[in-house]
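*Asks:* Below are the structure tokens for one structure; questions will follow.
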Amino acid sequence: MSISSNMLWSGSRLGFWSRAGMYASVYPGRTFATARRRGAWYRRAMSARVDSGVAFAAALLLVLLAGVAAGQRRLTLKPGESFETAIESLRPGDHLTVMPGRYEDAGRISLSVKGTRLQPVVITGVPGGAASKIVRPAGAKAQNTINVEGATWVTIRHLEITSNGGDGINLSKRAAFITLEDLHIHHVDVGVNFRSDLNHITVRRCHIHDTGQNGGTGEGLYVGCNRSKCIVRDCLIEANWIHGTLASTQGDGIEIKRGSHSNVVRDNVIHDTRYPGILLYGTDGKPRNVVEGNVIWGARDSGIQCAADAVIRNNIVFAGEGTGFNSQPHQGVTPGNLEFVHNTIIGGAPAIRLAKWAGAKRLVFANNAVYATPGRLKIFGLKGVAFSGNVFQSPDRALPAHGWKPGDPSRDFVSVARRSLWPRRGSALGGAADPAFVVGRDFEGAERGGRRVAGAYSDVAPRRTRWRPKPGFKPSR
């Protein structure tokens, strides 16, 4: 087995690779220069102690590397062999390559291997090649295609996953440190279901579509449980493409349930959903969730809906006849501790709905660009709300007297029709933002540099060809 260079990294952290490092490790708080000024007897004593330290460190490193080597197998699965058997036989440190082809198991597939940080488990198809398809037989009992049950430190990537009525991937039993990336999940009930106490789950660059099979609820990602019965925390959901949940009974793009907290949802492309593109409840006083850099269109309900306990920034919503942003009491959560800043909303019926905000604590609505015709705002009082730096298309009786200025979409954006929402030079967006609420980066991940530009973008008149919102993945930051 070859040992990659990164396995030696821990040795450099022990401080034994230079004379100064050796001395600092053996005699904390003193410098090597100090030792040089001591007598020869002192240097000899130091050398003896350092030599013993080096020997100990080298022996420890060899033991660690031997442990890694002993637990690492490189396995290959070929069509005609059982994906179920291979998955359920994995050991910590295994790397399983699933060759292109179709894998169809009628049994219940359960992944429960306990990988570690030093011995992670990898399950992967072949990047850039033909698909490795994991499917359920049409005549078999409806079941989740892959159940991840209590597994830790596992990465699953480059697989195509379908079901016969169950979820694509269902996570449970306190699974942790799981990475799901570059997966194609379709024609399932829920794409990825987090309905359990979970932490440190990453879902990245996954294409999830055509959910809600056999009359299921059909969320792209379902995170947490109703009424805080389970908690999902410290997860990252980024750069996914989620669409086509219209056949479901519900069909949110991404739903984060009450009590789940400290999660980041960023840079996702979400469109054509039956329920909200992104739906959040509240964290029950735990750290807030962050929603940033996402683009949403074609949501039959709200583009983004959130009651409390979130930072929502730098998102773009083309609302159409749905609601752009909706914040109201929801399943026992009342508005509070919520920042909605530097978002761009086009259209909507209504474009904005803010209910029970008046008198609530720690609410911010600042530096947003909201372009909808008059009568498309439902704002029921803003007493005590930090409301400033916004641009609205035209006066509306729902707006307060201060905290906003009028805009014109034909003059302010490059082209709304082509979803080119970079501000034009001279746009009303330039200089409109309240500096107290300007955030560090914009929708593209570019530094704002303190520029007072309202909405999701930070600069005017793009100087180069850049990505416009469209079906597909948003480019990496």
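Every number here is computed from the coordinates shown, using simple stated rules; none is lab data. Being a predicted model, the structure only gives us computed values, none of them experimental. Quick reminder, even Gly has a Cβ in these numbers, built from the backbone with ideal geometry, and neighbours come from all protein chains shown.
*Asks:* Across region 293-477, what fraction of all alpha-carbon pairs, as a whole percent, falls in each successive 10 Å bin from zero upward?
*Replies:* It works out to 10, 41, 38, 10, 1, in whole percents.
*Asks:* Right, something else. With the Cα gyration tensor of region 364-440 giving a ≥ b ≥ c as the square roots of its eigenvalues, does the rule (a/c under 1.5 for rounded; else a/b larger than b/c for prolate; else oblate) give rounded, prolate or oblate?
*Replies:* On the way: a/c = 2.22, a/b = 1.32, b/c = 1.69.
Judged from the Cα gyration tensor, region 364-440 comes out oblate (a/c at least 1.5, b/c at or above a/b).
*Asks:* Residue by residue through region 145-152, what is 3J(HN,Hα) from phi via Karplus (6.51 cos²θ - 1.76 cosθ + 1.60, θ = phi - 60°)? Round to whole Hz and write x for glycine and proline.
*Replies:* Result, ordered by residue: 5, 10, 9, 9, 10, x, 5, 9 Hz.
*Asks:* Excluding residues on the same chain fewer than 8 positions from Lys378, give the aspartates and glutamates whose Cα lies under 16 Å from its Cα.
*Replies:* Asp301, Glu321, Asp396
*Asks:* If we count other beta carbons within 10 Å of each Cβ, what is the order of Thr145, Thr245, fewest first? Mind showing how you got there, number by number?
*Replies:* Details: Thr145 22, Thr245 31.
In order of increasing Cβ crowding within 10 Å: Thr145, Thr245.
*Asks:* Could you run the Karplus curve 6.51 cos²θ - 1.76 cosθ + 1.60 with θ = phi - 60° over region 300-314 and give me ³J(HN,Hα) per residue in whole Hz, x for Gly and Pro?
*Replies:* 6, 10, 9, x, 10, 10, 8, 8, 7, 6, 8, 10, 10, 9, 6
*Asks:* Taking the Cβ-Cβ separation of His95 and Val416 as r and a Förster radius of 51 Å, what is the calculated FRET efficiency to the nearest 0.05? Please report the intermediate quantities before stating the final value.
*Replies:* Details: r = 48 Å, r/R0 = 0.94.
My answer for the efficiency is 0.60.
*Asks:* Any chance you could check the Cα centroid distance between region 408-477 and region 320-379 for me, in angstrom?
*Replies:* Centre-to-centre (Cα) distance: 20 Å.
*Asks:* Between Gly407 and residues 5 or more places away or on another chain, which pairs have amide H atoms under 5 Å apart, with H built 1.01 Å from N, and which residues are they?
*Replies:* Close amide H contacts, sequence-distant or interchain: Phe392, Gln393, Ser394.
*Asks:* I've got another one for you. Does region 101-256 come out rounded, prolate or oblate, given a ≥ b ≥ c as the square roots of the eigenvalues of its C-alpha gyration tensor, rounded meaning a/c under 1.5 and, failing that, prolate meaning a/b above b/c?
*Replies:* On the way: a/c = 1.39, a/b = 1.07, b/c = 1.30.
In terms of gyration-tensor shape, rounded.
*Asks:* For region 245-393, what percent of Cα pairs sit more than 24 Å apart? Provide the component values of the computation, followed by the final result.
*Replies:* On the way: 2408 of 11026 pairs.
In whole percent, the share of Cα-Cα pairs in region 245-393 beyond 24 Å is 22.
*Asks:* Oh, and also: Pairs of Cα atoms under 8 Å, at least six residues apart: use those to get the relative contact order of region 293-477, whole percent.
*Replies:* On the way: 505 pairs, mean separation 30.7, N = 185.
RCO, region 293-477: 17 percent.
*Asks:* In the structure shown, do any of Lys286/Lys405; Lys173/Lys361; Lys383/Lys405 have a Cα-Cα gap over 27 Å, and if so which? Display every interim value, and only then the final one.
*Replies:* Working: Lys286/Lys405 35 Å; Lys173/Lys361 36 Å; Lys383/Lys405 19 Å.
Those over the limit are Lys286/Lys405; Lys173/Lys361.
*Asks:* Relative contact order of region 79-217, please, whole-number percent, based on alpha carbon pairs below 8 angstrom and at least 6 residues apart.
*Replies:* Numbers: 414 pairs, mean separation 26.1, N = 139.
Relative contact order of region 79-217: 19 percent.
*Asks:* In addition: Which three lengths, in whole Å and largest first, does region 181-269 cover when its Cα atoms are put on their principal axes?
*Replies:* 29, 26, 15
*Asks:* By counting other Cβ atoms within 10 Å of each Cβ, how are Ser420, Ser172 ranked from fewest to most?
*Replies:* Numbers: Ser420 14, Ser172 19.
Ascending number of Cβ neighbours within 10 Å: Ser420, Ser172.
*Asks:* Rank these for me by crowding, Ser262, Ser415, going from fewest to most other beta carbons within 10 Å. Could the numbers behind the result be given before it?
*Replies:* Numbers: Ser262 16, Ser415 13.
Ranking Ser262, Ser415 by Cβ neighbours within 10 Å, fewest first, gives Ser415, Ser262.
*Asks:* Among rounded, prolate and oblate, which fits region 109-201 when a ≥ b ≥ c are the square roots of the eigenvalues of its C-alpha gyration tensor, a/c under 1.5 means rounded, and a/b larger than b/c means prolate? List each step's numbers first, then the result.
*Replies:* Numbers: a/c = 2.06, a/b = 1.25, b/c = 1.65.
Judged from the Cα gyration tensor, region 109-201 comes out oblate (a/c at least 1.5, b/c at or above a/b).
*Asks:* So what are the ³J(HN,Hα) numbers for region 254-263, from phi and the Karplus equation (6.51, -1.76, 1.60; θ = phi - 60°), rounded to whole Hz, Gly and Pro as x?
*Replies:* Along region 254-263, the couplings run 9, 10, 10, 7, 4, x, 6, 8, 6, 9 Hz.
*Asks:* In addition: Hey, for a label at Lys114 modelled as a point 7 Å past Cα toward Cβ, could you say which residues of region 154-195 have their backbone N under 19 Å away?
*Replies:* Within reach of a label on Lys114, which here means backbone N under 19 Å from a point 7 Å along Cα→Cβ, region 154-195 contributes 154-155, 172-179.
*Asks:* For a 31 Å ceiling on Cα separation, which of these pairs sit above it: Lys356/Lys470; Lys78/Lys141; Lys229/Lys474? Can you show the working numbers first?
*Replies:* Values: Lys356/Lys470 34 Å; Lys78/Lys141 24 Å; Lys229/Lys474 33 Å.
Too far apart for the 31 Å limit: Lys356/Lys470; Lys229/Lys474.
*Asks:* Something else: Can you give the translational diffusion coefficient of region 389-477 in µm²/s, computed by Stokes-Einstein from the Kirkwood radius over Cα pairs at 25 °C and 0.890 mPa s? Before the final figure, lay out the partial values.
*Replies:* On the way: Rh = 13.9 Å.
Taking Rh from Cα pairs, D becomes 176 µm²/s.
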